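Data first, discussion second: the structure below is written as structure tokens.
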Amino acid sequence: MLNLQIFLAAYAALVGACVGSFLNVCVYRWPADLSVVRPPSRCGSCGTPIRWRDNIPVLGWVLLRGRCRACGARVSIQYPLVELVTAALWVMAVLRFGLSWQALGTALFFTILLGIALADARTYIIPDQFTLGGTVIGLALSFAPGGITWQRSLLGAAVGFGLLWLIAVVGEKVFRKPAMGGGDIKMMMMVGAFLGPWGVLLTLFMGALFGTLIFAPISMRTGKLVPFGIFLAIGAAITEPWGQALIDWYVRNFLTV
């Protein structure tokens, strides 16, 4: 049993690292409306195409000591870090659920959240490929065994989109300026497809809580806007494993007579 777990964890790490390598491309190209297929990966400084052996997740960066083979320009440490984090997310999903559809859904959900947070932090844009594509994936996986039902998934997507759209409309009328980006609205539709309606509500609460605790001090000190999608991603990442426990705790301590 232990050997099987080690094998599954190693396999998940390998797949996750490869997914993380592709995620780096998506985070860089999708906000700029560029194809993730063409042109192939190349050095951002000299434009030289990256050889396949130099493009091996983590290992390629380590062997080249974080520099381009052709021109010697530094390659951001973000690339191996994203690959390592994604690999860890996939390993944790497999250790938690085994080799199952639920593990795949959890790994993909956290990968999408990571991509959204990175893209929003870099460009203040949440690409539709993450949100709309993620919604389709969440709805499709709801028909697989082990997760939420397709009814809850569909209702969650509707609640996520409708609630954020309503907040955006009311906020714009009250503050006379956009109160919620379209990317945030579509992101919560994706979250609802994976977590259902209660997951949407808890994600919003956690996102607003972390946004208030972190965004307000940073904004006051720097005067810069902190993308709300980052905090929604944090809220969803907390809600997925611990959401039901948090709801049960709240009901037990505050709603019981």
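Taking neighbour Cβ counts within 10 Å as the exposure measure, how do Thr123, Thr86 sort from fewest upward?
Thr123, Thr86
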Inset, instruction - Sum -39500 (n - 2.57) across every DSSP H segment of at least 4 residues in the chain, then divide by the residue count to get the 222 nm mean residue ellipticity, nearest 500. - result: -23500 deg cm²/dmol
Legend entry - Residue of Asp120, Asp54, Asp184 that the Gaussian network model of the chain assigns the largest fluctuation, springs spanning Cα pairs under 10 Å: Asp54
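For the chain, with only Lys/Arg (+1) and Asp/Glu (-1) charged at the beta-carbon, what is the dipole magnitude about the Cα centre, in debye rounded to 20? Mind showing how you got there, number by number?
Numbers: 19 positive and 9 negative charges, 159 e Å.
In debye, rounded to 20, the chain gives about 760.
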Inset, instruction - List the residues whose amide H sits under 5 Å from the amide H of Arg67, counting only those 5 or more places along or on another chain, with H placed 1.01 Å from N in the peptide plane. - result: Val75
Legend entry - GNM result for the chain, Cα springs below 10 Å: residue of Val91, Val174, Val136 fluctuating most strongly: Val174
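Using a ≥ b ≥ c from the Cα gyration tensor of segment 1-74 (square roots of the eigenvalues), is it rounded, prolate or oblate, where a/c under 1.5 gives rounded and otherwise the larger of a/b and b/c decides, a/b for prolate? Please list the in-between numbers first.
Values: a/c = 3.30, a/b = 1.64, b/c = 2.01.
Oblate is the answer for segment 1-74, as a/c is 1.5 or above yet b/c matches or exceeds a/b.
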Inset, instruction - Have a look at Met92, Pro40, Gln78 and report the one farthest towards the positive end of the charge dipole of segment 1-99, computed about the Cα centre with Cβ charges (Lys/Arg +1, Asp/Glu -1). - result: Pro40
Inset, instruction - Distance between Cα centroids, segment 171-207 to segment 97-154: provide it in whole Å. - result: 15
Inset, instruction - Might you report the magnitude of the Cβ-based charge dipole of segment 1-100 about its Cα centre, with Lys and Arg at +1 and Asp and Glu at -1, to the nearest 20 debye? - result: 340
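Please give the length that would be gained between Leu84 and Arg51 if that part of the chain were fully extended, namely 0.36 nm times their separation in residues minus their C-alpha to C-alpha distance (nm, one decimal). Numbers along the way, then the final one.
Details: separation 33, 0.36 × 33 = 11.88 nm, distance 2.04 nm.
Taking Leu84 through Arg51 to full extension adds about 9.8 nm, to one decimal.
Coordinate-derived values only; no laboratory data. Everything quoted here is computed from the prediction, not taken from an experiment. Methodologically, a virtual Cβ is constructed for each residue, glycine included, from the backbone with ideal geometry; neighbour enumeration extends over all protein chains shown.
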